[in-house]
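Encoded as structure tokens, the structure appears first; notes follow it.
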Amino acid sequence: MASAWSKAAGDAVRVSAARLLPGGVRGWIARQELGVLAALLAAAAGLFAFAELADAVGEGETRAFDEFLLLSLRSAADPSDPLGPRWLEETMRDFTALGGTGVLTATTLAVVGFLVLTGKRHAAATVAVSVVGGLLLSQALKWGFARPRPDLVPHGQYVYTRSFPSGHAMLSAVVYLTLGALLARTQPRRRVKLYFLLVAAALTVLVGVSRVYLGVHWPTDVLAGWTGGAGWALLCWLAMLWLQRRGRVEPEDAPVEDGGGAPGRT
């Protein structure tokens with residue numbers, strides 16, 4: 001089943017974008033600046049990379065790479081002992097919690113609540129749909145591929161779902177990259193925009209690395225989570241930008257509403 005799913009994923013990603021996008025969206029893309037076109041290409045590249053990884057995992061081509069990298073993070077004398085001092089192992093558990101369902105749910109609710117309070121209800125709904133859609137996609141992929149968790153080393157954390165792709169890596173990419181992009185669009189200075197995006201990327205990377213370090217995921221699970229999550233986040237960001245340009249989602253610089261629904265003073 002995993003092989004069939006990987007081939008189906010690859011076929012879906014390789015379909016021409018011109019056939020997938022409505023004419024209005026294609027026309028909008030053609031009129032946008034270079035940054036938007038670059039984001040579209042990056043999203044396509046991420047989804048293509050995910051499809052290639054899925055195909056390789058389904059064919060068993062990544063087994064040697066996964067085992068080598070996973071064991072490289074363990075003591076040669078005792079595979080149950082991760083490299084480094086005890087405080088590093090505890091720090092990795094802290095990092096992995098940043099990609100947990102509880103933390104990501106709380107973060108998303110806080111952002112959605114803020115957007116609602118500032119009168120940006122459509123933007124709040126778009127963020128919520130993006131995150132929930134990413135969660136459902138992650139669970140569907142796990143169910144479809146049904147890859148077992150690593151069995152070479154003891155797990156450093158309790159796990160209860162399948163392995164491919166890493167839900168922590170994928171959802172942290174969806175949430176943090178989406179929020180980083182939203183925050184970046186509120187700032188006029190490039191260095192501040194870059195700062196938000198780099199922080200979002202750093203959080204995503206830390207979560208993924210911690211999953212491999214704790215032995216609960218194969219490295220290719222995390223790579224697939226990163227590529228799939230980043231591709232999804234970029235697609236959602238482009239969709240929000242398109243809706244903003246059409247007036248269906250409030251722009252970042254829209255006036256803040258007070259409790260009565262009227263624009264507040266600035």
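Each value in this text was obtained by applying a stated rule to the coordinates, not by laboratory testing. All of these numbers come straight from a predicted model, not from anything done at the bench. Counting neighbours? That spans all protein chains shown, and the Cβs are built from the backbone with ideal geometry, glycine included.
Per-structure values
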{"read-out": "For Thr107, Thr96, order by how many other beta-carbon atoms lie within 10 Å, fewest first", "value": "Thr107, Thr96"}
{"read-out": "Residue among Leu53, Tyr176, Ala125 farthest towards the positive dipole end of the range 2-245, charges placed on Cβ", "value": "Ala125"}
{"read-out": "Relative packing of 139-151, 211-223, 45-57, which averages over residues the other C-beta atoms within 10 Å, highest first", "value": "211-223, 45-57, 139-151"}
{"read-out": "Charge sum, other residues only, whose C-beta stays under 14 Å from Val216's C-beta, Lys/Arg counted +1 and Asp/Glu -1", "value": "+3"}
{"read-out": "Estimated D of the range 2-245 in µm² per second, where Rh is the Kirkwood radius over Cα pairs and Stokes-Einstein applies at 37 °C, 0.692 mPa s", "value": "174"}
{"read-out": "Sum of side-chain charges, Ser172 neighbourhood, beta-carbon under 14 Å (Lys, Arg +1; Asp, Glu -1)", "value": "-1"}
{"read-out": "Where labels lie 7 Å past Cα in the beta-carbon direction, separation of Phe68 and Ala38 in nm", "value": "3.3"}
{"read-out": "Computed E for Arg121/Ala202 - FRET, C-beta separation, R0 45 angstrom, nearest 0.05", "value": "0.90"}
{"read-out": "Extension gain from Leu152 to Glu52, taking 0.36 nm per residue of separation minus the Cα-Cα distance", "value": "33.5 nm"}
{"read-out": "Long-range HN-HN contacts of Arg74 with modeled amide H, under 5 Å", "value": "Leu83"}
{"read-out": "Cα-Cα separations in the range 129-180 greater than 18 Å, expressed as whole percent", "value": "36"}
